[in-house]
Amino acid sequence: MSALAIAHPHATYPRPVRLRPVPSIREEEPPVTVTISISGGASGRERVLAALRELVDAAGPSAAVELDPAVAEPRADGEIQLDPRARTAFRDGRLLELSRLEYDLLLFLARHPRQVFSRAQLLTHVWGHRHTTNRTVDVHVSRLRTKLDDPELITTVYGLGYRLADEAPISVVDR
């Protein structure tokens, strides 16, 4: 599978006959490390990894693909770590599989502790619009509570909206 097949899986492209190695300026150059964060489902990850392996095979025997599973630094029991640059969330060193909106919602609440937000405010700040119903916020909060395995983490302020619990064990890693 070529890298172009990922962008257009149904299109056919002519395969190059042979890739020429890039001439080296110095004999002993340090290795180049490329870090790629892949979000989405497992099938998308597998397609990207297959394309990368094909490129590495074409590069020759001195190239290799190494997979480094993302692991967070150990923190206090149950603490959730959010890394906005990598868009990852960890709890007890385990990667949490959050959707884009679930992650954005949790990050927004973590960056605004002890503040109550109405459903309309959350739609504006997290979703970027107010064209959906307030029920959308309720559904996403419910799913987030389930995935975090902590229904007390996001508090419902009846008649007003939602806020992060005062003792919420969440840290945002801004580098």
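Just so it is clear, none of the values below were taken in a lab; they were calculated from the coordinates. Everything quoted here is computed from the prediction, not taken from an experiment. Counting neighbours? That spans all protein chains shown, and the Cβs are built from the backbone with ideal geometry, glycine included.
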Report summary line: Short to long, in 5 Å steps from zero, the percent of alpha-carbon pairs of the stretch 100-142 per bin is 5, 24, 38, 25, 7, 0
Query - Relative packing of peptides 78-88, 100-110 - highest average C-beta neighbours within 10 Å first - result: 100-110, 78-88
Query raised in the report: Tally Lys and Arg at +1 and Asp and Glu at -1 over the other residues with C-beta under 12 Å from the C-beta of residue 95: what net charge comes out?
Result: +1
